[in-house]
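Just below is one structure, and these are the notes that go with it.
The values are calculated or read from the model by the stated rules, or taken from the named source; none is laboratory data. Predicted, not measured: the structure shown is a model, and the values here were computed from it. Every residue, glycine among them, receives a Cβ derived from its backbone with ideal geometry; neighbour counts consider all protein chains shown.
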Amino acid sequence: MAPTGYGYPPMAPPRRRTPAEVHVCAALLYATGAVTLAAGLVVGIASVSTDALASVSLPVVDARAAAGVGVAIGVLMVVIGFATLVVARKVQRGRQWARVLVQVLSGLSLAATVAALVGEGQPDALTGFVLPVLCLILLNLPAVRDWFRYGSGSVR
């Protein structure tokens, strides 16, 4: 009779510690998501508030249209804020797709900020330059790239 492989299965390799740079980038994403989520809630609530619309002298049809647009913008902001929180968690857990997504969106944000600088001359420096550049730098450090590639312990 052949051996059937009794005993314990081999242990999985241990997870390596998450680099501090990943935690910093995830914290920035968490903060951005929370602010966007809160702003979306405020916009949505303010747009359905009759007191906010009463102070604006619009005809009834225009006031309802403005409320509808405000609610739509608020819902979109809430969805974007929630998605940002999910991506932040996935970056923190070591998902390569989330790292790539953050890098692509950071590059697009930089391009949009440069276009706004050329067109208007007044870009938003914090969200347009500082946060995307910081995330791009932090997520492209050699130790962070290696951790996302080999050491996060997550199944891709």
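Computed quantities for the displayed model
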read-out	value
Selection count where residues are farther than 13 Å from residue 25 by Cβ and crowded, with 18+ Cβ neighbours inside 10 Å, scope the stretch 68-84	5
Count of the stretch 66-97 residues which are over 9 Å from the mean Cα position of the chain (by Cα) and of a type outside the set (D, E, K, R)	19
Sole residue being touching a Phe, Trp or Tyr at 6+ places or on another chain (Cβ under 9 Å), assigned to a helix (DSSP H, G or I) and either modelled with pLDDT under 85 or within 30 Å of residue 146 (Cβ to Cβ) (or both), chosen from 28, 53, 85	85
So residue 104, is it at pLDDT 95 or above, out of contact with any helix residue (DSSP H, G or I) (no Cβ under 6 Å at 6 or more places or on another chain), part of a helix (DSSP H, G or I) and on the phi < 0 side of the Ramachandran plot	yes
Which numbered condition residue 129 misses (of (1) modelled with pLDDT under 90; (2) over 17 Å from the mean Cα position of the chain (by Cα))	(2)
Odd one out for residue 122 among (1) surrounded by fewer than 12 Cβ atoms within 10 Å (Cβ to Cβ); (2) of a type in the set (S, T, N, Q); (3) at pLDDT below 70	(3)
In the stretch 125-144, the residues that are surrounded by 14 or more Cβ atoms within 10 Å (Cβ to Cβ) and within 19 Å of residue 90 (Cβ to Cβ)	131, 132, 134, 135, 136, 138, 139, 144
Condition check for residue 45: touching a Gly at 6+ places or on another chain (Cβ under 8 Å), modelled with pLDDT of 90 or more and not charged (D, E, K, R)	no
Flag for residue 98 being loosely packed, with under 14 Cβ neighbours inside 10 Å and small (Gly, Ala, Ser)	no
